[in-house]
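Here is the structure we will look at, set down as structure tokens.
The values are calculated or read from the model by the stated rules, or taken from the named source; none is laboratory data. Model, not experiment: these values are computed from the prediction. Glycine gets a Cβ as well: all are built from the backbone with ideal geometry, and neighbour counts include every protein chain shown.
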């Protein structure tokens, strides 16, 4: 395969990459995407309300463990300069939309993702890839693209609903704790992950599908039956 500058979306670094390298390859190389999963509207509504509520607020009022600062930027597109890695003819660039950026009092920044319900321990390393990608894009932005620097903190703000209440007037509410899950920044590990991604993308043909990938099984069944 000839040298290429692949566009990579941070949102694909978690579950799409983990679920099926073939589907990841087909999306990036061939612009052939799996059907979008149906997201229950309630999660979209909660996410939107959380971001709106915390915009401009001091971090001390949100969750223990957050350094002092202010929630300053929400949901903006970022795009990095081309990223070249040793041993690869191809390059890549990061393009995506982050959840929130916090401006800390010491002049540094943090990239934050909002999550509803418990952040499973096994999923945290997957979310870490996304946050590292946004941090890299913010610090190494393409010309004219949104940027902040330095990014010193990465993490998840997790809302875990635990109780339900309703007033006599019929106003209902879910309540629960907000917690901060810190993700240590490790650029060497992230660049190692990007190198693995480029190795797959530079293959002359797609890798085998994952045995657990429902879409690959569906496509294979469709080819067998001719339907």
Options 157, 131: the member that is at pLDDT 95 or above, touching a strand residue (DSSP E or B) at 6+ places or on another chain (Cβ under 8 Å) and not in a loop (DSSP other than H, G, I, E, B): 131
For region 19-38, does any single residue satisfy the condition of being surrounded by 18 or more Cβ atoms within 10 Å (Cβ to Cβ) and within 17 Å of residue 157 (Cβ to Cβ)? no
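Return the residues of region 77-101 that are surrounded by 15 or more Cβ atoms within 10 Å (Cβ to Cβ) and over 24 Å from residue 188 (Cβ atoms); say none if nothing qualifies.
Going through region 77-101, the residues surrounded by 15 or more Cβ atoms within 10 Å (Cβ to Cβ) turn out to be 78-81, 83, 85, 88, 90-96, 98-101.
Of everything in region 77-101, those that are surrounded by 15 or more Cβ atoms within 10 Å (Cβ to Cβ) and over 24 Å from residue 188 (Cβ atoms) turn out to be 99, 100.
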In contact with a strand residue (DSSP E or B) (Cβ under 9 Å, 6 or more places away or on another chain), modelled with pLDDT of 95 or more, surrounded by fewer than 19 Cβ atoms within 10 Å (Cβ to Cβ) and under 22 Å from residue 57 (Cβ atoms): is that true of residue 146 in this structure? yes
Please give the number of the condition residue 107 fails out of (1) crowded, with 18+ Cβ neighbours inside 10 Å; (2) in a loop (DSSP other than H, G, I, E, B); (3) out of contact with any helix residue (DSSP H, G or I) (no Cβ under 6 Å at 6 or more places or on another chain). (1)
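Here is a yes/no grid of residues against (1) more than 24 Å from the chain's Cα centre (by Cα); (2) surrounded by fewer than 10 Cβ atoms within 10 Å (Cβ to Cβ):
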site: 161; (1), (2): no, no
site: 167; (1), (2): yes, yes
site: 170; (1), (2): yes, yes
site: 173; (1), (2): yes, no
site: 178; (1), (2): no, no
site: 184; (1), (2): no, yes
site: 197; (1), (2): no, no
If you go through region 117-142 one residue at a time, how many are over 10 Å from the mean Cα position of the chain (by Cα), surrounded by fewer than 17 Cβ atoms within 10 Å (Cβ to Cβ) and in contact (Cβ under 8 Å) with a residue 60 or more places away in the chain? 2
All but one of (1) in contact with a strand residue (DSSP E or B) (Cβ under 9 Å, 6 or more places away or on another chain); (2) part of a loop (DSSP other than H, G, I, E, B); (3) modelled with pLDDT of 95 or more hold for residue 6, so report the exception by its number. (2)
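Can you pull out every residue in region 59-72 that is outside any loop (DSSP other than H, G, I, E, B), surrounded by fewer than 18 Cβ atoms within 10 Å (Cβ to Cβ) and in contact with a strand residue (DSSP E or B) (Cβ under 6 Å, 6 or more places away or on another chain)?
Let us first name the residues in region 59-72 that are outside any loop (DSSP other than H, G, I, E, B), namely 59-61, 69-72.
Now drop any that are not surrounded by fewer than 18 Cβ atoms within 10 Å (Cβ to Cβ), which leaves 60-61, 70, 72.
Selection gives 70, 72.
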Filtering region 110-128 down to residues that are touching a helix residue (DSSP H, G or I) at 6+ places or on another chain (Cβ under 7 Å) and in a strand (DSSP E or B) yields 111, 113, 114, 116
